[in-house]
1. Taking 0.36 nm per residue of sequence separation and subtracting the Cα-Cα distance, how much length would be gained by fully extending the chain between residue 198 and residue 365, in nm to one decimal?
2. Full extension from residue 95 to residue 33: what is 0.36 nm times the residue separation minus their Cα-Cα distance, to one decimal in nm?
3. Checking the table 93/341; 93/153; 93/353; 29/291 against a 31 Å threshold on Cα-Cα, which pairs fail?
4. What net charge do the residues around residue 271 carry, taking every other residue with its C-beta under 14 Å from that of residue 271, with Lys and Arg at +1 and Asp and Glu at -1?
5. Which sequence of 326, 46 reflects their accessible areas, 1.4 Å probe, from the largest down?
6. At 222 nm, what helix-only mean residue ellipticity would the chain give, in deg cm²/dmol to the nearest 500, using -39500 (n - 2.57) for each DSSP H run of four or more?
7. With a 1.4 Å probe and every protein chain left in place, work out the accessible area per residue of the chain in Å², rounded to a whole number.
8. How big is the charge dipole of the stretch 72-345 about its Cα centre, in debye rounded to the nearest 20, if each Lys and Arg gets +1 on its Cβ and each Asp and Glu gets -1 on its Cβ?
Amino acid sequence: MSSAPLSNSTAHWRALDAAHHLHPFSDTKALNAEGVRVITRAEGAYVFDSEGNKILDGMSGLWCSQIGHGRKAIVEAIATQLSQLDYYNTFFKTTHPAAAELAAAIAGVAPEGMSRVFFTSGGSEAVDTVLRLVRHYWAAMGRPQKTIFISRKNAYHGSTMGGASLGGMAPMHAQGGLPIPDIIHVQQPYWWAEGGTMDRDEFGLFAANEVARAIDEAGPENVAAFIGEPIQGAGGVIIPPDSYWPAVEKICRERDVLLVCDEVICGFGRTGEWFGSQFMGVKPDLLTFAKGVTSGYFPLGGVIVGDKVAEGFIANGGEFNHGYTYSGHPGGCAAALANLKIMHEEKLVERVKFDIGPYLQERWLKLADHPLVGEARMVGLIGALELTPDRASRAAFAAEEGTVGLICRDFSFREGLVMRAVRDGMILAPPFTLTHAEADELVAIVWRVLDLTYAELQRRGLLVPVPRVGA
Ligand code: PXG
């Protein structure tokens with residue numbers, strides 16, 4: 001008898017993983033010491049691990065499972081497509097039916113005046129495409145000096161060199177010599193942590209004005225575009241004050257700076273509108289998408305280009321020297337078409353706006369009554385809790401930032417809910433198919449997790465308020 005772990009056991013997969021698999025955004029040494037979680041199956045709003053635990057997927061995988069897990073129609077659409085045409089490229093004067101049909105289907109749900117789509121394999125490639133497409137556009141329009149991008153601190157725009165540079169995450173810039181040149185990062189519209197004594201709308205205008213200031217300092221003639229997530233996702237579900245986006249749009253228009261919305265998380269219904277920019281009431285010149293376009297069943301992303309930019313780019317741009325082997329992969333296009341069909345047939349975006357969104361929001365916002373919660377916020381099906389030892393002063397904890405968030409996250413997993421921690425806050429983005437009963441279960445788990453976290457912080461003496469820097 002061998003003492004090696006069984007080939008279908010947690011120990012077996014953990015051993016292989018520890019020996020060979022380098023994980024994204026992970027400290028491999030620490031992860032291997034702890035042992036990785038093995039997810040083996042998913043159904044509806046739940047994932048199952050190799051130990052038989054059933055866990056409510058409060059993060060939709062990684063912000064992508066709009067229609068829920070295990071939908072056979074998508075699996076069949078991919079299988080049918082791959083058996084007919086497994087792969088062909090969309091480069092040399094070639095297309096295929098699924099790519100053409102998907103481009104049209106996306107144009108059909110896109111904001112008005114945005115009717116052209118460039119395909120990528122995911123969000124980071126979409127963001128890199130924007131960087132190159134926008135600079136090429138301005139060059140084609142005879143203004144090659146317009147190269148600078150304005151972005152925000154604590155933005156997340158992906159992990160490629162371009163995406164991580166446009167993103168405003170200092171720990172990412174610290175690795176690999178980033179950011180690349182000609183990117184300026186400005187104040188984020190994060191009222192809770194950085195609003196100080198200003199009220200929300202005052203702070204929203206202040207943050208928008210920082211965009212204007214950066215453009216004016218660089219010279220509008222040198223600035224290509226402003227890029228922002230309608231709601232910052234990975235940065236902590238930061239829902240800007242109402243005053244912010246309309247002011248940013250006006251500032252960009254007045255200065256002839258293109259407005260780009262990174263809709264990788266907000267796109268395809270997350271806010272209860274097809275796109276987060278529609279929720280915020282602004283009209284971008286370009287927008288990026290990924291994740292929810294296929295509900296994660298197949299990697300696919302892209303850029304939707306507004307007609308003004310597309311027309312100039314097509315008329316004057318000549319060949320665009322940019323593209324990916326998997327731009328418009330038949331499997332991804334088939335998955336997206338089937339996903340959009342389900343979203344239309346089951347009216348899932350409307351469901352987020354009028355049914356499960358308001359249902360969960362009402363219960364989620366009540367979590368603000370918990371003594372550990374400083375703010376509960378949620379629009380559509382994207383929300384956050386700010387944890388604090390003192391709501392009135394929005395104080396930080398007497399521990400390194402992120403400590404409390406991780407304690408809370410670990411309790412959440414243990415209690416059967418995937419909730420992510422960002423700094424000392426919790427974030428949530430469940431599938432659009434979540435039932436009312438599942439929403440009730442979710443909120444009940446969160447109350448329990450907050451109680452457990454509170455007791456643990458009390459035990460460790462971490463409930464001492466510490467004034468927040470910048471607030
Ligand atoms: N833009 C935004 C707004 C994103 O949220 C990307 C671009 C990059 O997409 P790809 O498909 O290349 O990953 C994203 C991705 C997190 C987390 O921890 C968020 C993302 C990815 C990984 C982790 O919240 N968002």
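1. Values: separation 167, 0.36 × 167 = 60.12 nm, distance 2.23 nm.
So the chain would gain 57.9 nm between residue 198 and residue 365.
2. On the way: separation 62, 0.36 × 62 = 22.32 nm, distance 4.78 nm.
Here the answer is 17.5 nm.
3. Working: 93/341 28 Å; 93/153 40 Å; 93/353 41 Å; 29/291 29 Å.
Among 93/341; 93/153; 93/353; 29/291, the Cα-Cα distance tops 31 Å for 93/153; 93/353.
4. Numbers: positive: 270, 291, 351, 353, 377; negative: 229, 242, 262, 263, 273, 350.
Taking every Cβ under 14 Å from that of residue 271, the sum is -1.
5. Details: 326 125, 46 30 Å².
Ranked list, largest accessible area first: 326, 46.
6. Working: 18 runs with 196 residues, N = 471.
Estimated from H runs of four or more residues: -12500 deg cm²/dmol.
7. Numbers: 20090 Å² over 471 residues.
Value returned for the chain: 43 Å² of accessible area per residue.
8. Working: 19 positive and 28 negative charges, 88 e Å.
Charge dipole, the stretch 72-345, about its Cα centre: 420 debye, nearest 20.
The values are calculated or read from the model by the stated rules, or taken from the named source; none is laboratory data. Since we're looking at a predicted model, the values are computed, not measured. Glycine also receives a Cβ, built like all others from the backbone with ideal geometry; neighbour counts cover every protein chain displayed. These area figures cover heavy atoms from the full protein model, side chains too; ligands, DNA and RNA do not enter into them. Shrake-Rupley method; radii C 1.70, N 1.55, O 1.52, S 1.80 Å.
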